[in-house]
Amino acid sequence: MNERTRFGGRVAVITGGASGIGAATARLLHAEGASLVIGDLDADAGSALVAELGVERTRFIATDVSDFDAVKALIDGAVAAFGRIDVLVNNAGIGSLSSIAALPVQEWRKVLAINLDGVFFGCKAVLPVMVAQGAGAIVNTASASGMAGDFGFAAYNAAKAGVINLTRTAAIDHARDGVRVNAVCPGPVDTPILAGIQGIPGLRSDWEDRVPLGRFASAAEIAQVIVFLASDAASYVTGVSVPVDGGLTAHTGQPN
Ligand code: NAD
């Protein structure tokens, strides 16, 4: 691979890499020269992506990010396969829509376990590798929903707010180790995670009306920012959570 590509000779691990934003990030990093290890619950989709990208620089490891031992096995597997880890994208996540009173305790715990514990587990498992290398970049997929409140998203928004502050803390803890930690905060993105709420009549057009750019993002538009934060072009950027939301969080909501 041409070393002049941004990620030639580099190794990236992507959780939730079998679908949506994670798969778009995998395709972009692969095109930029990276070797990849995709960790996801969905073995069929993960294996299909490896078949698409080719086994020379891509592996899939079935992973439940809410299980620390599984995340540690993903990180160990990536080091065994490719010898180092330059980039970790903690991206796996699930949605949740319920009023607080109706939200089952088990669903609260499951959303926090995947969307927040999963990010902590990824950081905890990879940091010894990156600190020993004296270099690395972690990018967490938070959400615009971690920056403000939404109707009915208590568990999801609490988890994503946690990801934003975990990102700051991890960045501060490890800046002097050569490890940068950042996050992206997407607004609505056309991926399967929104399938459950797409059927609510009028919701999509209402949502699009509230986004200043007037539309949902594509997964590739989020991947571009993840890859930038993971790249040397962001060498002086750490501890930030970048909104990639078409202006959603820039807006007070005042009608025109
Ligand atoms: P997606 O459903 O297409 O992808 C999520 C991936 O995570 C899937 O491949 C799924 O199998 C995997 N996953 C789920 N639970 C897992 C677990 N326990 N262990 C390992 N993998 C697991 O959705 P997406 O939109 O690409 O979501 C990616 C990230 O982006 C999530 O963290 C999500 O919260 C965040 N996000 C999405 C949007 C949006 O509108 N789509 C907006 C803001 C943030």
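Since every read-out is calculated from the coordinates, none of them should be taken as a lab result. This is a predicted model, so every value here is computed, not measured. No Cβ is skipped: glycine too gets one built from the backbone with ideal geometry, and neighbour counts run over all protein chains shown.
List of remarks:
- Two-decimal Rg/Rh across region 1-157, once Rg and the Kirkwood Rh are taken from alpha-carbon atoms: 1.01
- When you work out D = kT/(6 pi eta Rh) for region 65-183 at 10 °C and 1.306 mPa s, using the Kirkwood radius from C-alpha pairs as Rh and the Stokes-Einstein form, the result is 108 µm²/s.
- Ranked 185, 123, criterion: other C-beta atoms within 10 Å, fewest first: 123, 185
- Point-to-point label distance, residue 256-residue 224, nm (Cα→Cβ direction, 7 Å offset): 2.2 nm
- Rounded to two decimals, the Cα-based Rg/Rh of region 129-249, with Kirkwood Rh, is 1.03.
- What the Kirkwood sum gives for region 41-97 is a hydrodynamic radius of 12.6 Å, with every pair of different alpha carbons counted.
- Kirkwood Rh in Å, taken over all unlike Cα pairs in region 7-83: 11.9 Å
- When 56, 107 are arranged by Cβ crowding within 10 Å, least crowded first, meaning fewest neighbours, the order is 56, 107.
- The three principal axes of the C-alpha atoms in region 119-176 carry coordinate ranges of 43, 17, 13 Å, sorted with the longest axis first.
- Summing Lys and Arg as +1 and Asp and Glu as -1 over all other residues whose Cβ lies under 15 Å from the Cβ of residue 145 gives a net charge of 0.
- Summed residue charge, Cβ within 10 Å of residue 82's Cβ, Lys/Arg positive, Asp/Glu negative: +3
- The distance from the alpha carbon centre of region 204-256 to that of region 109-154 is 18 Å, rounded to a whole number.
- Expressed to the nearest 5 percent, the antiparallel share of DSSP beta bridges inside the chain is 0 percent.
- At q = 0.24, 0.30, 0.31 Å⁻¹, base-10 log of I(q)/I(0) for region 153-207 (Debye sum, equal scatterers on each alpha carbon): -0.98, -1.17, -1.19
- Build a GNM of the chain with springs between Cα atoms under 10 Å apart, and of 22, 152, 199 the one that fluctuates most is 199.
- Between 16, 118, 202, the residue with the greatest mean-square fluctuation in the GNM of the chain (Cα pairs under 10 Å linked by springs) is 202.
- Full-extension gain in nm, residue 44 to residue 68, via 0.36 nm per residue minus C-alpha separation: 6.4 nm
- Dividing the mean sequence gap of close Cα pairs (under 8 Å, 6+ apart) by how many residues region 104-256 holds gives a relative contact order of 28 percent.
- Shape call, region 208-256: gyration tensor on alpha carbons, a/c limit 1.5: oblate
- Sum of side-chain charges, residue 208 neighbourhood, beta-carbon under 14 Å (Lys, Arg +1; Asp, Glu -1): -1
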